[in-house]
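A short write-up of the structure that comes next.
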Amino acid sequence: MADLPASASPAGDADPRVVRDQESSEWLRDLRADGHRREDAVARLHALLLRGARYTIARQRTLLPQFWESDLEQLALESADDATVAVLARLDDFRGESRFTTWAYKFAFLDATSKLRQRAWRGREIPTEPESWTLLGGSADGDQPAELAELLTAIGDGIAEALTERQREVLVAVAINGVAIEVVADRLGTTRGALYKTMHDARIKLRAYLAERGLRPLEDA
């Protein structure tokens with residue numbers, strides 16, 4: 001009996017990696033084709049991403065309790081539309097580390113999640129004053145109330161004195177009050193990447209401010 005190729009399996013037991021690669025290759029080939037073949041592939045992709053968007057929205061339904069089901073369906077359609085455009089623009093980024101459908105599905109999940117958070121904050125003021133300092137400091141042992149109070153006071157002073165107005169706004173809204181970074185980026189007319197950089201710089205300044213006073217965040221203790 002002749003040896004089977006390394007990629008083959010005994011009868012009826014196709015290697016799932018080979019099947020995955022074949023399916024992914026077919027998706028890419030069809031989406032890069034012309035005419036009706038591409039149109040059909042795009043329609044299948046949109047249907048896939050619509051299912052993903054609907055599933056994501058259903059799991060996070062509590063973010064928008066005031067929305068009717070028709071509103072949520074419209075949100076799912078918008079997410080599927082935008083995710084489809086994003087996938088088509090980034091076909092060359094697919095590396096085959098998972099099924100193509102799994103890779104594409106993530107675009108629907110991220111887009112639907114972002115839209116849900118944005119809608120949840122629509123018409124609401126973004127808090128730029130801290131409701132609690134403990135998100136920065138973590139939790140302290142019950143026998144260290146004085147040290148905790150000193151640290152949180154120093155953090156508050158550092159936010160007020162060491163940070164720029166933009167750094168203070170972003171850090172308080174995102175890191176302390178839990179506003180979705182997509183929402184803050186939209187309100188400030190910037191990008192998520194720029195805000196991550198702003199938060200990173202703000203944390204470095206805060207650490208330096210605390211270090212000068214012989215303190216450090218509880219997460220480093």
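The values are calculated or read from the model by the stated rules, or taken from the named source; none is laboratory data. Quick caveat: nothing in here was measured; it's all calculated off a predicted structure. We place every Cβ from the backbone using ideal geometry, glycine too, and count neighbours over all the protein chains shown.
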Suppose we filter region 160-184 for residues that are of a type in the set (A, V, I, L, M), touching a residue at least 24 places away in the same chain (Cβ under 8 Å) and either assigned to a helix (DSSP H, G or I) or outside the structural domain of ARG203 (by TED's automatic domain parsing) (or both); how many remain?
10
Residue list for region 66-84, restricted to those being surrounded by fewer than 13 Cβ atoms within 10 Å (Cβ to Cβ) and farther than 16 Å from GLN118 by Cβ
TRP68, GLU69, SER70
Consider only pairs whose beta carbons are under 6 Å apart and that are at least six residues apart or on different chains; among these, list those whose first residue lies in region 20-48 and is of a type in the set (S, T, N, Q) and whose second residue is surrounded by 13 or more Cβ atoms within 10 Å (Cβ to Cβ) and in a helix (DSSP H, G or I).
SER24/PHE100
Single residue of region 85-113 satisfying the filter (closer than 12 Å to LEU50 by Cα and of a type in the set (Gly, Ala, Ser)) that is surrounded by the fewest Cβ atoms within 10 Å (Cβ to Cβ)
ALA104
Anything in region 52-65 that is surrounded by 14 or more Cβ atoms within 10 Å (Cβ to Cβ) and either basic (Lys, Arg) or farther than 13 Å from LEU110 by Cα (or both)? List them, or say none.
ARG54, LEU63, LEU64
